[in-house]
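Working notes for the structure below.
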Amino acid sequence: MSVALSVLDLVPIREGGTVREAIGQATALAKVADDAGYARFWVAEHHAMDGIAGGAAAVVLAAIGHATSKIRIGSGGIMLPNHNPFVIAEQFGTLDALFPGRIDLGLGRAPGADGRIATAFRKNLAQAAEHFPQDVLELRALLTGEPELALKATPGHGADVEMWMLGSSLFGAQLAAQLGLPYAFASHFAPDHLDAALELYRRNFEPSQALAQPHVMAAMTVIAADTDAEAQLLASSLEQSFVRLRTGNPGKLPPPVEDYRDTLPAPARAMLEHIGQARAVGSPETVRSAIDAFTQRTGADEIIVSGATFDPAARSRSLALTMEAVQG
C-alpha cells in the first residue's frame, strides 16, 4: 500500500498515573513514531477530562517537538470556537519558529468538552461555532498575510504552518472544499458520515495556493500485537474508556480486562461494534488487512492511527508493528 501513516495521541492519563507521566509518555511515543517513519504526530484539545492531559495542545507540542527531528507535529485539533484566532496564530507561529517546516494546525468546530467549558472560557460557544468559518479565514490571513490585516501576529505572520480542516460531519467537508484545505475525518469515533463527507469534499474541492487537489486523511483505531488475542486484550482499556464516556462516567484509562465485551449489555456491545467500522485490532496480518480494506473503501491519502493502551510500551510496539505490516 502507498498510503501514509500518521499518529493521533490524546495524551491519556492512566489509572494511578499523573499528568506529568502522561506528557512524558506522549513525548516518548512521538519519538517512536519519528523513528518508525510516521508522517505526522497530532495531539487533540480536550478540556476538563480526568483522563486526558492534552488540553494545552500547543504546550504539549513544544515538548514533543524537542524530542523529535523529522516527523510533522500538530493539532488534531485545536477547537477554534474556544479561542481567539490571533492567539492561535501566535502559538503556532511560535511552534513554527522552534520547529520550522514541521507544524500542522488542524482546526475543529466542537468545544472539546461539555457545556460547562463555556462558562470557564467566558464565551458563548454556540455563537462562536457559528462564526467558525470567519475565524478560520482570519486565522489563515494572520498566518499567510493574504489578505493583509492591519494588525500582524508576531510570531505568526509568515509562518510555514500547514492548516487542516477536521470534521465528523458534512459541515467540515464543505468548508474544507471551499477553502482548498486538506481534510481529516474523525472516523475512529464517528463513522456515520464518512463516505458522504469524503464524496462531498472531493466533488466540491476548490484549489488554493496551499493545495492543488483534494487530500484526505481518515482516522482509525489501530492496536497491533503479536497475536489477535493479545491485541484484543490491550484494546479493552480503550473500550472501557469509550463505554464510560458514552454512559456519562468518564475517567482515567483503566487496565485491560479479559473478555471485556462479554461483560457488557447488548446496547454497549452494539455501540462498540458500530464504531468498529474504522478499527484494526489484531496481529500484524490482521491489522494490515483491515487498513488495506479501509483505505480501498475511502481512497484516503493518509491514515491517522489512534488507540491508547494501559501499558505505554504496548502502544509503542503497536506503532512499530503497524508500520512494518503496512510497509511489508
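The values are calculated or read from the model by the stated rules, or taken from the named source; none is laboratory data. For clarity, every value in this text was computed on a predicted model and none was experimentally measured. A quick note on method: Cβ atoms are made from the backbone with ideal geometry, for glycine too, and the neighbour counts reach across all protein chains shown. With ligands, DNA and RNA removed, areas are computed over all heavy atoms of the protein, side chains included. Shrake-Rupley method; radii C 1.70, N 1.55, O 1.52, S 1.80 Å.
Select from S75, Y38, P85 the residue farthest towards the positive end of the dipole of the stretch 1-93; place +1 on Cβ of Lys and Arg, -1 on Cβ of Asp and Glu, and compute about the Cα centre.
Of the candidates, Y38 comes out farthest on the positive side.
Could you tell me the ratio Rg/Rh of the stretch 1-66? Both radii from Cα atoms, Rh via Kirkwood.
When Rh is taken as the Kirkwood radius, the ratio is 1.00.
Mind running the shape call on the stretch 219-328? Use the C-alpha gyration tensor, a ≥ b ≥ c as the square roots of the eigenvalues: rounded below 1.5 for a/c, prolate if a/b tops b/c, oblate otherwise.
Details: a/c = 1.90, a/b = 1.43, b/c = 1.33.
The shape class here is prolate.
Dipole of the stretch 159-238, Cα-centred, from +1 at each Lys and Arg C-beta and -1 at each Asp and Glu C-beta, to the nearest 20 debye?
Here the size comes out at about 320 debye.
Could you tell me the distance between the Cα centroids of the stretch 67-137 and the stretch 1-63, to the nearest Å?
Centre-to-centre distance over Cα atoms comes out at 16 Å.
Mind checking the stretch 95-167 for GluC sites (Glu not before Pro) that DSSP puts in a loop (not H, G, I, E or B) and that have at most 12 other Cβ atoms within 10 Å?
For GluC sites (Glu not before Pro) across the stretch 95-167 that sit outside H, G, I, E and B with at most 12 neighbouring Cβ atoms in 10 Å, the list reads E148.
For the chain, what does the relative contact order come out to in percent, with C-alpha contacts under 8 Å and a separation of six or more?
Across the chain, relative contact order equals 19 percent.
Take every DSSP beta bridge whose two residues both sit in the chain, then give the antiparallel share in percent to the nearest 5.
Given both bridge residues lie in the chain, the antiparallel proportion sits at roughly 5 percent.
Within the stretch 1-136, what percent of beta bridges assigned by DSSP are antiparallel, to the nearest 5?
In the stretch 1-136, approximately 10 percent of DSSP beta bridges are antiparallel ones.
With +1 on the Cβ of every Lys and Arg and -1 on the Cβ of every Asp and Glu, and nothing else charged, how large is the dipole of the chain about its Cα centre, in debye rounded to the nearest 20?
The calculation lands at about 500 debye.
Go through 190-198, 266-274 and give me the packing order, highest mean Cβ count within 10 Å leading.
Values: 190-198: 18.2, 266-274: 12.6.
Going by the mean number of other Cβ atoms within 10 Å, highest first, we get 190-198, 266-274.
Assign one of three labels to the stretch 122-188, namely rounded, prolate or oblate, based on the Cα gyration tensor with a ≥ b ≥ c the square roots of its eigenvalues; rounded applies when a/c is under 1.5, prolate when it is not and a/b is larger than b/c, and oblate otherwise.
On the way: a/c = 2.15, a/b = 1.40, b/c = 1.53.
In terms of gyration-tensor shape, oblate.
Amide H of A219: which non-local residues (sequence gap of 5 or more, or other chain) have their own amide H closer than 5 Å, using H built in the peptide plane?
F185, S187, H188, I304
Where the accessible area of the chain is counted over protein heavy atoms with a 1.4 Å probe, how much of it, in %, is carbon and sulfur? It would help to have the intermediate numbers written out before the result.
Values: 7640 of 14120 Å².
Carbon-and-sulfur percentage of accessible area, whole number: 54.
Round to the nearest 10 and give me the degree value, 0 to 90, for the angle of helix 170-179's Cα axis relative to the longest principal axis of the chain.
40 degrees
Straight-line reach from K31: which lysines fall under 16 Å, measuring Cα to Cα and dropping same-chain residues less than 8 apart?
Qualifying lysines at Cα under 16 Å: K70.
Springs between alpha-carbon pairs under 10 angstrom, Gaussian network model over the chain: which of L166, L238, L95 fluctuates most?
Among L166, L238, L95, the largest mean-square fluctuation in the Gaussian network model of the chain belongs to L238.
Could you quote the convex hull projected area for the stretch 23-113, Cα atoms only and averaged over all directions, in nm²?
So the Cα hull casts an average projection of 5.5 nm².
What is the diffusion coefficient of the stretch 205-247 in µm²/s, taking the Kirkwood radius over Cα pairs and the Stokes-Einstein relation at 20 °C with a viscosity of 1.002 mPa s?
Values: Rh = 13.7 Å.
Translational diffusion coefficient: 157 µm²/s.
Just the accessible area per residue of the chain, please: how many Å² with a 1.4 Å probe?
Value returned for the chain: 43 Å² of accessible area per residue.
Could you tell me whether the stretch 143-286 comes out rounded, prolate or oblate from its Cα gyration tensor? Rule is a ≥ b ≥ c as square roots of the eigenvalues, rounded for a/c under 1.5, then prolate if a/b exceeds b/c, otherwise oblate. Display every interim value, and only then the final one.
Working: a/c = 2.48, a/b = 2.15, b/c = 1.15.
Verdict is prolate for the stretch 143-286.
Note down the magnitude of the dipole of the stretch 80-227 about its Cα centre, charges +1 on Lys and Arg C-beta and -1 on Asp and Glu C-beta and zero elsewhere, to the nearest 20 debye.
Charge dipole, the stretch 80-227, about its Cα centre: 300 debye, nearest 20.
Can you tell me, using C-alpha contacts under 8 Å and at least 6 residues apart, the relative contact order of the stretch 3-62 as a whole percent?
Averaging sequence separation for qualifying contacts and normalising by length gives 44 percent for the stretch 3-62.
Are there any GluC sites (Glu not before Pro) in the stretch 6-77 that are in a DSSP loop and have at most 14 other Cβ atoms within 10 Å? List them by number.
Values: sites: E15, E21, E45; in loops: E15, E45.
Answer in residue order: E15.
For the stretch 85-169, what mean projected area does the convex hull of the alpha carbons give, in nm²?
Its Cα hull, projected and averaged over all orientations, spans 6.2 nm².
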